[in-house]
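I have placed the structure first, in the form of structure tokens, so that the comments after it can refer back to it.
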Amino acid sequence: MTAPTGAVLPGTAPGESGPTEAEWAAAVAAVRQVPAGGRVLLVCHVNPDGDALGSMLGFAQGLRRLGVDLLQATFPGPFDLPDPLRGLPGEEMLVPATEAYPDPDLMICFDAASASRLGELVDRLDTAGAALVLDHHASNTRFGGLHLVDPQAAATSVVAEELLDRLGVPLDAGIAECLYVALTTDTGSFRFEATTPAVHQMAARLLATGIRPGDISRRIFDHRPFGAVRLFGEVLGRARLEPAAAGGRGLVWTYATQDDLVRHGQRPYVLEALIDSVRCTAEADVSCVVKQVSAHEWAVSLRSKGAVDVSRVAVALGGGGHRFAAGFTGRGSADEVMDGIRGQLDDALVGSEDQV
Ligand code: AMP
Ligand code: MN
Ligand code: MN
């Protein structure tokens, strides 16, 4: 028996099901109702990752096919992309945040769990004629007027693909490459828990357009400057294992400073891949990389193997994310940031929420 779309399945907590049919219909109508000559502004979260940028640029190409001419894609902060994310199809639609339409007819947000992830572009939520949010974070705060939020979706690109389909836009290789980058980024190249049969079916649809997965994966995941390889060696060399943390499930962590980046001549984005080398640690359920953004500000990446719900840790510290992968902005020294995390781990042990 198939439950109606949008129904709350048995055993599924309210808020964990995907968009309702009414929400899909409202989103389709919002796109279709953009007047001739209307301006559409697409925004993804600050420090775009493959899902944020890929779902946005994939969708942007679809909108172009629908005949939307006045179309901008942007993200908050410096107009600077990680090298691996450069050169995606649709990139020519990207503009710096400073040039984004001040009052678009329609704004569409990608992969942002909360308004704070839109940085200085947050004011467009008020000035836009309508604001549609496409996302897959369970922690999504529903900050727009229209929402397509599916916490079961492996990536925002899953939601984007379905909306394109409902708008009658067929996949082409350009759209598919962007959505594939997004899907592989958020599933860890089909290794993470979110890798369902539906994910592989979507990948099959994308690959059927003729895109080359080997080339794409090498460019996105297996490609970094030699200076970054040396930097990783240094930062991994100072990793610490705390076996007693998280109720004995173990914590492993390290940090990287701006000085580390300068000494190795690297840009901050190279640090995003570090967590993958740290989280392999067999003796720890929780892993963490604390990356210095400015003197007293740190971008924190958290990962779990399941004993701890790291999204609860991140949300408690002002961030967000998913059960197995989450993040937040930490303030103070790296040690102070780590103390804050340690203080949340026990409360975030899976099962602890059932205890009074
Ligand atoms: P990352 O460690 O940066 O790869 O992020 C892992 C997950 O946590 C992603 O789903 C992000 O969207 C989320 N996340 C990371 N940083 C933040 C933040 N400062 N606020 C909210 N969510 C975040
Ligand atoms: Mn993201
Ligand atoms: Mn995502």
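Among strands (runs of 3 or more DSSP E) lying entirely in region 232-330, which contain 3 or more residues that are among the small types (Gly, Ala, Ser) and either assigned by TED's automatic domain parsing to the domain that holds ASP347 or surrounded by fewer than 18 Cβ atoms within 10 Å (Cβ to Cβ) (or both)?
In region 232-330, 297-304 are the strands (runs of 3 or more DSSP E) which contain 3 or more residues that are among the small types (Gly, Ala, Ser) and either assigned by TED's automatic domain parsing to the domain that holds ASP347 or surrounded by fewer than 18 Cβ atoms within 10 Å (Cβ to Cβ) (or both).
Out of (1) away from ligand 2 (no atom under 16 Å from the Cβ); (2) not assigned by TED's automatic domain parsing to the domain that holds ARG323, the odd one out for VAL181 is which?
Looking at each condition in turn, VAL181 falls short on (1).
Which of the following residues is closer than 18 Å to ASP186 by Cα and open to solvent by less than 20 Å² (accessible area, probe 1.4 Å): LEU88, LEU63?
LEU88
What helices (runs of 4 or more DSSP H), lying completely within region 155-219, carry at least 2 residues that are out of contact with any helix residue (DSSP H, G or I) (no Cβ under 7 Å at 6 or more places or on another chain), charged (D, E, K, R) and modelled with pLDDT of 95 or more?
Output list reads 156-166.
Just for region 91-143: of the residues that are within 16 Å of ligand 2 (Cβ to nearest atom) and aromatic (Phe, Trp, Tyr), which one is surrounded by the fewest Cβ atoms within 10 Å (Cβ to Cβ)?
As a first pass, look at region 91-143 and keep what is within 16 Å of ligand 2 (Cβ to nearest atom): 108-119, 121, 133-141, 143.
Then drop every residue that is not aromatic (Phe, Trp, Tyr), which leaves 110, 143.
Values: PHE110: 30, PHE143: 19.
Among residues in region 91-143 that are within 16 Å of ligand 2 (Cβ to nearest atom) and aromatic (Phe, Trp, Tyr), the one surrounded by the fewest Cβ atoms within 10 Å (Cβ to Cβ) is PHE143.
Please tell me if VAL293 is β-branched (Val, Ile, Thr), away from ligand 3 (no atom under 16 Å from the Cβ) and touching a Pro at 6+ places or on another chain (Cβ under 8 Å). First the steps, then the outcome.
Values: β-branched (Val, Ile, Thr): yes; away from ligand 3 (no atom under 16 Å from the Cβ): yes; touching a Pro at 6+ places or on another chain (Cβ under 8 Å): yes.
Considered against the rule, which asks whether it is β-branched (Val, Ile, Thr), away from ligand 3 (no atom under 16 Å from the Cβ) and touching a Pro at 6+ places or on another chain (Cβ under 8 Å), VAL293 comes out as yes.
Hey, ASN47 hits all of (1) closer than 23 Å to THR187 by Cβ; (2) at pLDDT 95 or above; (3) open to solvent by 30 Å² or more (accessible area, probe 1.4 Å) but one; which does it fall short on?
(2)
May I ask you to say which residue of ALA153, ALA173 is in the same structural domain as ALA36 (by TED's automatic domain parsing), within 30 Å of GLY214 (Cβ to Cβ) and open to solvent by 40 Å² or more (accessible area, probe 1.4 Å)?
From the options ALA153, ALA173, the qualifying one is ALA173.
Looking only at residues that are of a type in the set (D, E, K, R) and not in a loop (DSSP other than H, G, I, E, B) in region 114-145, which one is farthest from the chain's Cα centre (by Cα)?
Ranking the candidates gives ASP126 first.
The values are calculated or read from the model by the stated rules, or taken from the named source; none is laboratory data. Since the model is a prediction, treat every value here as computed from it, not as a measurement. No Cβ is skipped: glycine too gets one built from the backbone with ideal geometry, and neighbour counts run over all protein chains shown. Please note that ligands, DNA and RNA were not included when accessible areas were found on the heavy atoms of the full protein model with its side chains. Shrake-Rupley method; radii C 1.70, N 1.55, O 1.52, S 1.80 Å.
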